[in-house]
Amino acid sequence: ASAITLRNLHKRFSGDAIALDGVDLEIRAGEFFTLLGPSGCGKTTLLRLLAGLEAPNEGSLTIGGKDVTETPPHLRSVNTVFQSYALFPHLSVHDNIAFGLRMKGIPAAERERRVQEIADFIKLGSLLERRVNQLSGGQRQRIALARALVCEPDVLLLDEPLSALDAGLRTQLQVELQRTQKRLGMTFVFVTHDQDEAMVMSDRIAVLDSGIIQQVGPPHEVYERPINAFVARFMGHVNLFDIQGIHDVTVTTALGELAMEAPLQPGKHGGVMLIRQEVIELGPTVSEGYNGLDGVVKERHYRGSRIEYRLEVNGQPLMATASNLGQRLYAVGDRIKVSIHPEDVVRIE
Ligand code: ADP
Ligand code: MG
């Protein structure tokens, strides 16, 4: 496995599209690292720079301590799995996997051994003699992965490899991919626009917007302590309120006044208040030590494992998620007390 360092990477395309606008990143050896962001934010461009398929206009990158800014793709110990599998449809599974090894001039006996090994590992053993165009999407995705892994790169780049699959298969391959990465101890740089996928798979996530890294951290940090409103919205949060005033630990928004836990840095005003929808407690009374608000249930959405309520508090919409276990079910029109712990009142930029 190799560590990767990106320094002040800029990439402009002809016209004035700025794909990357000064990216600094440290990716650790053996890490499952995910680039997360909306379509067009520069994820693929960043992978292509790592692979050597594009050159930066400015900045440098090192892989395994070696500066590879000027190194052509075939001399970098990097392999890529693209979203479109890029397999040879008329070749057998075996020959697709063996292709890279053949190109590298690996002798036949060793080639056979490695193809067999990786096929067992990814559970493709029984498919080796089939032609690719006879296989399902999930099987093709596994072959694309096997083909990249068999060359034993230090770094594997994966560009939205699961986004074409349906939900069940996708969840299964998410787990499989994560296990494979841990077992082989390779560095994975994984690209997705799906925040749930990023959270479930990654050691760390970098959130990108318009070619700029917004935040880097482990999933719980990016989700629970987003650095700004863009990251908060992208991670799926909806309860965001402009801060109208702050006095000591009391923050005023359109919802009303709420106590926060941590004293604020003096001199800091404004920003946005975030309340995650799963921290909100609903009941007939306000919980001890909590902020209390009066709410009315406007909508109820049944989601099986949980229930989502759209409440109205002080004329403002507020979303709350309740676990569907031993909780009372509220109906549209019910008046309830909304309890929010001061630790869960979060101020962001
Ligand atoms: P993502 O993978 O996050 O969807 P991309 O890296 O593909 O984003 O694209 C980032 C930006 O760069 C977009 O505005 C896109 O239109 C532009 N771009 C990407 N590749 C090219 C190219 N070859 N020529 C011109 N513009 C490009
Ligand atoms: Mg892309």
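Yes/no per residue for (1) aliphatic (A, V, I, L, M); (2) farther than 21 Å from TYR223 by Cβ; (3) touching a strand residue (DSSP E or B) at 6+ places or on another chain (Cβ under 8 Å):
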residue	(1), (2), (3)
ASP248	no, yes, no
THR252	no, yes, yes
ALA259	yes, yes, yes
THR285	no, yes, yes
GLY289	no, yes, no
GLY315	no, yes, no
SER323	no, no, yes
LEU329	yes, yes, yes
ILE348	yes, no, yes
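Among the conditions (1) surrounded by 15 or more Cβ atoms within 10 Å (Cβ to Cβ); (2) under 14 Å from the mean Cα position of the chain (by Cα); (3) more than 16 Å from ligand 2 (Cβ to nearest atom); (4) not hydrophobic (A, V, I, L, M, F, W, C), the only one that PRO153 does not satisfy is (2). Among the numbered criteria (1) more than 22 Å from ASP24 (Cβ to Cβ); (2) buried (at least 16 other Cβ atoms within 10 Å of the Cβ), which one does PRO226 miss? Of (1) more than 22 Å from ASP24 (Cβ to Cβ); (2) buried (at least 16 other Cβ atoms within 10 Å of the Cβ), only one is false for PRO226: (1). For PRO89, the requirement of being under 16 Å from LEU158 (Cα atoms), over 24 Å from the mean Cα position of the chain (by Cα), assigned by TED's automatic domain parsing to the domain that holds SER210 and more than 15 Å from ligand 2 (Cβ to nearest atom) is not met. Close contacts from the range 243-264, counting a first residue that is in contact (Cβ under 8 Å) with a residue 60 or more places away in the chain and a second that is aliphatic (A, V, I, L, M) and surrounded by fewer than 15 Cβ atoms within 10 Å (Cβ to Cβ), with Cβ to Cβ under 6 Å and a gap of 6+ residues or different chains, come to ALA259/VAL249; MET260/VAL249. The strands (runs of 3 or more DSSP E) located wholly in the range 157-229 that include 2 or more residues which are of a type in the set (Ser, Thr, Tyr) and assigned by TED's automatic domain parsing to the domain that holds HIS10 occupy 187-192.
Can you spot a residue in the range 61-81 that is within 16 Å of ligand 1 (Cβ to nearest atom), farther than 17 Å from LEU156 by Cβ and of a type in the set (D, E, K, R)? No; the residues of the range 61-81 include none that is within 16 Å of ligand 1 (Cβ to nearest atom), farther than 17 Å from LEU156 by Cβ and of a type in the set (D, E, K, R).
So which residues in the range 112-141 are in a helix (DSSP H, G or I), touching a helix residue (DSSP H, G or I) at 6+ places or on another chain (Cβ under 7 Å) and within 23 Å of PHE82 (Cβ to Cβ), if there are any at all? Break it down stepwise before answering.
We begin by selecting, within the range 112-141, every residue in a helix (DSSP H, G or I); these are 112-121, 125-127, 132-134, 137-141.
Narrowing further to those that are touching a helix residue (DSSP H, G or I) at 6+ places or on another chain (Cβ under 7 Å): 114-115, 118-119, 125, 127, 132, 138-141.
Correct list: ARG114, VAL115, ILE118, ALA119, LEU127, VAL132, GLY138, GLN139, ARG140, GLN141.
Being of a type in the set (S, T, N, Q) and more than 30 Å from ALA19 (Cβ to Cβ) holds for only one residue in ASN79, ASN96, and it is ASN96. Can you tell me which residue among LEU47, LEU101, LEU35 is out of contact with any Cys (no Cβ under 9 Å at 6 or more places or on another chain), hydrophobic (A, V, I, L, M, F, W, C) and either within 16 Å of ligand 2 (Cβ to nearest atom) or touching a residue at least 12 places away in the same chain (Cβ under 8 Å) (or both)? Exactly one of LEU47, LEU101, LEU35 is out of contact with any Cys (no Cβ under 9 Å at 6 or more places or on another chain), hydrophobic (A, V, I, L, M, F, W, C) and either within 16 Å of ligand 2 (Cβ to nearest atom) or touching a residue at least 12 places away in the same chain (Cβ under 8 Å) (or both), namely LEU47. Residues that are surrounded by 19 or more Cβ atoms within 10 Å (Cβ to Cβ) and either part of a loop (DSSP other than H, G, I, E, B) or at pLDDT 95 or above (or both): does the range 261-271 have at least one? The answer is no; no qualifying residue exists. Taking the criterion of being touching a strand residue (DSSP E or B) at 6+ places or on another chain (Cβ under 9 Å) and either not assigned by TED's automatic domain parsing to the domain that holds GLU160 or not in a helix (DSSP H, G or I) (or both), the only residue of the range 92-111 that qualifies is SER92.
The values are calculated or read from the model by the stated rules, or taken from the named source; none is laboratory data. None of these values were measured; they are calculated from a predicted model. Note: ideal-geometry Cβ built from the backbone for every residue, glycine included; neighbour counts use all protein chains shown.
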